[in-house]
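*Asks:* My questions all concern the structure below.
The values are calculated or read from the model by the stated rules, or taken from the named source; none is laboratory data. Values in this document were obtained by computation on a predicted structure and should not be read as measured data. All Cβ positions, glycine included, derive from the backbone under ideal geometry; neighbour counts span all protein chains shown.
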Amino acid sequence: VNHLLGIKYLKEKDIQLIFETADHFKEVINRPIKKVPSLRDITIANLFFENSTRTKLSFELAEKRLSADVINFSSGQSSVKKGETLIDTVNNILSMKVDMVVMRHPNPGAGVFLSKHINASIINAGDGAHEHPTQALLDSYSIREKLGDVAGKKVVIVGDILHSRVALSNIFALQLQGAQVMVCGPKTLLPKFINELGVKVETNLLKALNWCDVANMLRVQNERMDISYFPSTREYTQQFGVNKELLDSLDKEITIMHPGPINRGVEITSDVADSKQSIILDQVQNGVAIRMAAIYLLASKIKQ
Ligand code: CP
């Protein structure tokens, strides 16, 4: 069975195939009739064990644009609350003739674990602080769209690297495509294994912004912390928040990204988030075409 569980399982040519397929679907969803009949014979279950706005709606829209049948599951309103296990939950859903599972789960490795116990393709829509492969794909696709190519570009990922599946998947995806990657954040929010990832590490935001072509701003994930890692939100914003004054002090115009949800006024000010340097909503728009491509390519393997 084929899955998309993480960028670390992909090769550079897989990413290029997803991008070329997404180029086609991006053209499709800009037509007056935004649908293709490709997956009329496929049923997909979207299983969300953790909150989501962008990823959940983007997957559902991608599936509907491909004419797949779609069912949506949120653990909060489900029999998980009565003690049903993950494996039982998913195998019960699959018994209703479901072909593919999209899953977001708070536990790192949940998708890999599930893949050993079910007979269906799985797309990881975010597993704890581990990976978020479709986010990294749409991020690189958006850099390619804005700057022409990912290879050779300098990308800094700023903020809470320790708790970020977006950071890890982006590091893997950007390096596969030949970009240079830097992480920038407070030392307390960098993982212990950061030096094993082949990235530059910087704790001075101004130096990081002067180095990069693209800055991907992350949210501090307070919900994944059981202790306070940094003295205060105000101090975080002073040292690691991006604002217009800071960007205006650079001698070049850099591209600003954010996976969302944004904490306006914390890691990014509104005048930056809503500026022409920001491609935040392009990222969200590209997510639909990227997810159509990922689903379509996996479904093609199911049909073989
Ligand atoms: N970027 C992202 O994963 O957003 P959601 O949590 O809203 O899906």
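*Asks:* Right, residue 63: part of a helix (DSSP H, G or I), within 16 Å of the ligand (Cβ to nearest atom) and touching a residue at least 60 places away in the same chain (Cβ under 8 Å) or not? Let's see the steps before the verdict.
*Replies:* Numbers: part of a helix (DSSP H, G or I): yes; within 16 Å of the ligand (Cβ to nearest atom): yes; touching a residue at least 60 places away in the same chain (Cβ under 8 Å): yes.
So residue 63 passes the test.
*Asks:* Further question on the same structure: Please enumerate the residues belonging to region 135-176 that are in contact with a His (Cβ under 6 Å, 6 or more places away or on another chain) and either over 16 Å from residue 18 (Cα atoms) or not small (Gly, Ala, Ser) (or both). First the steps, then the outcome.
*Replies:* Filtering region 135-176 for residues in contact with a His (Cβ under 6 Å, 6 or more places away or on another chain) gives 165-166, 169.
Matches in region 135-176: 165, 166.
Every residue, every condition in (1) closer than 15 Å to residue 49 by Cα; (2) away from the ligand (no atom under 16 Å from the Cβ), yes or no:
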| residue | (1), (2) |
| --- | --- |
| 126 | yes, no |
| 138 | no, no |
| 146 | no, yes |
| 163 | no, no |
| 173 | no, no |
| 179 | no, yes |
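*Asks:* Confirm whether residue 102 is away from the ligand (no atom under 13 Å from the Cβ), modelled with pLDDT of 95 or more and not charged (D, E, K, R).
*Replies:* It is false that residue 102 is away from the ligand (no atom under 13 Å from the Cβ), modelled with pLDDT of 95 or more and not charged (D, E, K, R).
*Asks:* Hey, among 264, 291, which residue is modelled with pLDDT of 95 or more and surrounded by fewer than 22 Cβ atoms within 10 Å (Cβ to Cβ)?
*Replies:* Numbers: 291 fails: surrounded by fewer than 22 Cβ atoms within 10 Å (Cβ to Cβ).
Only one candidate qualifies: 264.
*Asks:* Among the residues of region 234-247, is there at least one that is under 24 Å from the mean Cα position of the chain (by Cα), among the β-branched types (Val, Ile, Thr), away from the ligand (no atom under 16 Å from the Cβ) and surrounded by 14 or more Cβ atoms within 10 Å (Cβ to Cβ)? Talk me through it step by step, then tell me what you get.
*Replies:* In the first step, residues of region 234-247 are kept if they are under 24 Å from the mean Cα position of the chain (by Cα); the result is 236-237, 240-243.
Now narrow it down to the ones that are among the β-branched types (Val, Ile, Thr): 237, 242.
Now narrow it down to the ones that are away from the ligand (no atom under 16 Å from the Cβ): 237, 242.
Pick out the ones that are also surrounded by 14 or more Cβ atoms within 10 Å (Cβ to Cβ) and you get 237, 242.
Yes, there is a match, as at least one residue in region 234-247 is under 24 Å from the mean Cα position of the chain (by Cα), among the β-branched types (Val, Ile, Thr), away from the ligand (no atom under 16 Å from the Cβ) and surrounded by 14 or more Cβ atoms within 10 Å (Cβ to Cβ).
*Asks:* Inside region 74-175, counting only strands (runs of 3 or more DSSP E) that do not spill past its ends, which hold 1 or more residues that are surrounded by fewer than 21 Cβ atoms within 10 Å (Cβ to Cβ)?
*Replies:* Numbers: elements: 100-105, 121-127, 154-158.
It comes to 154-158.
*Asks:* Within region 47-58, which residues are in a helix (DSSP H, G or I) and either of a type in the set (S, T, N, Q) or more than 9 Å from the ligand (Cβ to nearest atom) (or both)?
*Replies:* Of all residues in region 47-58, those in a helix (DSSP H, G or I) come to 54-58.
55, 58, listed by residue number.
*Asks:* Just to be sure I understand, how many residues within region 199-214 are farther than 14 Å from residue 252 by Cβ and either under 20 Å from the mean Cα position of the chain (by Cα) or of a type in the set (A, V, I, L, M, F, W, C) (or both)?
*Replies:* Residues that pass the stated criteria total 3.
*Asks:* Counting only residues that are within 30 Å of residue 165 (Cβ to Cβ) and free of Cβ contacts under 8 Å to residues at least 24 places away in the same chain, which one in region 25-46 is nearest to the ligand (Cβ to nearest atom)?
*Replies:* Within region 25-46, the match that is nearest to the ligand (Cβ to nearest atom) is 30.
*Asks:* Here is a follow-up. Output the qualifying pairs, or none if there are none: Cβ atoms under 7 angstrom, residues six or more apart or on different chains, first residue in region 47-60 and touching a residue at least 40 places away in the same chain (Cβ under 8 Å), second residue near the ligand (Cβ under 9 Å from one of its atoms) and among the charged types (D, E, K, R).
*Replies:* 48/56; 48/104; 49/104; 50/104; 52/104; 55/104
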